[in-house]
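First the structure, in the form of structure tokens, and then the observations on it.
The values are calculated or read from the model by the stated rules, or taken from the named source; none is laboratory data. These numbers come from a predicted model, not from an experiment. As a convention, Cβ positions derive from the backbone with ideal geometry for all residues, glycine included, and neighbour counts pool all protein chains shown. Just so you know, the surface numbers come from the protein's heavy atoms only, side chains and all, with ligands and any DNA or RNA stripped out. Shrake-Rupley method; radii C 1.70, N 1.55, O 1.52, S 1.80 Å.
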Amino acid sequence: MSDLQLADWRAHALKLETEINKVVVGQQTPIRLITTAIFARGHVLLEGDVGVGKTTLLRAFTRGIGGGYQRIEGTIDLMPNDLVYHTYLGEDGKPHVSPGPLLMSGENLSVFFFNEINRARPQVHSLLLRVMAERTLTAFNKEHHFPHMLVFADRNQVEKEETFEIPSAARDRFMMEIPIVVPNDDSIMEALMFDTRFHNVDALVDTVPHDILKYDDLNAFSSVIQASVSASETLRRYALQLWLATRKPTDYGVKVSGVDMNRLVLAGASPRGMSMMLRAARVNAWLNDRTAVTPEDIHAVFHATVAHRVVFSPVYEIRRTEIARDMLNGILQNVAAP
């Protein structure tokens, strides 16, 4: 693919970001990370309280890239088959079956949002993880394919009763975990309260132009990005040192206040996780019109791709978000960049 074509795709990607930023204000960093995940073809965990705009954000992205959008709510009584089909009594009094959220859009499914995934049972997680990995599902004596699907999921992080936390091996299947918080800007907060255009979500999402990108071209173009953006030997050594530091932060002098660092980390980032970090870093380089990965590109995606993969001792899990942030900041500060 020519430099001109790469630049044309970049222009469309940046236009998509611009349009999304008009719909969901004060979320420039999450929007850039989701754009990165879309071009790196990675699934995403979303972290944030209720009502911060996660659903609006995903609907807006789906409108901009095209394809089908489906959503399901995690509940204690949700069963794996609820993702696949619904049963109901028809007007004729007979039982009928209709496609569930995974099958409604067929091969055109581009975004699947699992809201409050930790309210669903492990059996449901298991089915979803298999579909995420294989992008296929056998149902009704037929194999269904989802070649363009990206899964987004968030967790209820306030209530602990009747929840089933995602184990570390399952979290590792997600390329990123992206925090979405209320903007720390009084003018934006005031606009969200009083500007009526933010009160009608359907009308707001409809302002995003259709098909800025083509969802069914993204897989092929993702491969082009990975092949077009290089990583020097020096950069590779730096990335390796970062990986080693997630496994043994004490060897790099990393400290976190109030934490026994010798008991903190049970397992560092996985090989899958570090390869996903580099995939995302290459996309970040491309979005910034660079043909080679720099430390800046790694730093831009480091927290989102690594924090949810480090396995902490159980005593520290309740403070995971805070501790992971401080530990990874310490790693970036203590491992010398080239």
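Quick notes on this structure:
- Qualifying residue in the stretch 183-203 (condition: under 15 Å from Ala40 (Cβ atoms) and either free of Cβ contacts under 8 Å to residues at least 40 places away in the same chain or β-branched (Val, Ile, Thr) (or both)): no
- Residue within the stretch 315-333 that is surrounded by fewer than 18 Cβ atoms within 10 Å (Cβ to Cβ), of a type outside the set (A, V, I, L, M), in contact with a strand residue (DSSP E or B) (Cβ under 8 Å, 6 or more places away or on another chain) and not in a helix (DSSP H, G or I) present: no
- Some residue of the stretch 53-60 being farther than 30 Å from Pro99 by Cα and part of a helix (DSSP H, G or I): no
- When the residues of the stretch 229-241 are filtered to those that are small (Gly, Ala, Ser) and farther than 22 Å from Arg173 by Cα, the one that is farthest from the chain's Cα centre (by Cα) is Ser232.
- The lone criterion from (1) out of contact with any helix residue (DSSP H, G or I) (no Cβ under 6 Å at 6 or more places or on another chain); (2) farther than 23 Å from Gly106 by Cβ left unmet by Gln70 is number (2).
- Helices (runs of 4 or more DSSP H) contained entirely in the stretch 159-255, each with at least 3 residues that are surrounded by fewer than 17 Cβ atoms within 10 Å (Cβ to Cβ) and of a type in the set (A, V, I, L, M, F, W, C): 186-194, 218-228
- Filter result for Arg10 (open to solvent by 40 Å² or more (accessible area, probe 1.4 Å) and assigned to a helix (DSSP H, G or I)): no
- Of all the numbered requirements in (1) touching a helix residue (DSSP H, G or I) at 6+ places or on another chain (Cβ under 9 Å); (2) part of a helix (DSSP H, G or I); (3) open to solvent by 10 Å² or more (accessible area, probe 1.4 Å), Ile298 misses one, and that requirement is (3).
- Residues (under 25 Å from the mean Cα position of the chain (by Cα), within 17 Å of His303 (Cα to Cα) and touching a residue at least 40 places away in the same chain (Cβ under 8 Å)) located in the stretch 242-277: Leu242, Ala245, Thr246, Val265, Ala267, Gly268, Ala269, Ser270, Arg272, Gly273, Met276
- In the stretch 23-55, residue farthest from Val111 (Cα to Cα) [restricted to those that are charged (D, E, K, R) and at pLDDT below 95]: Asp49
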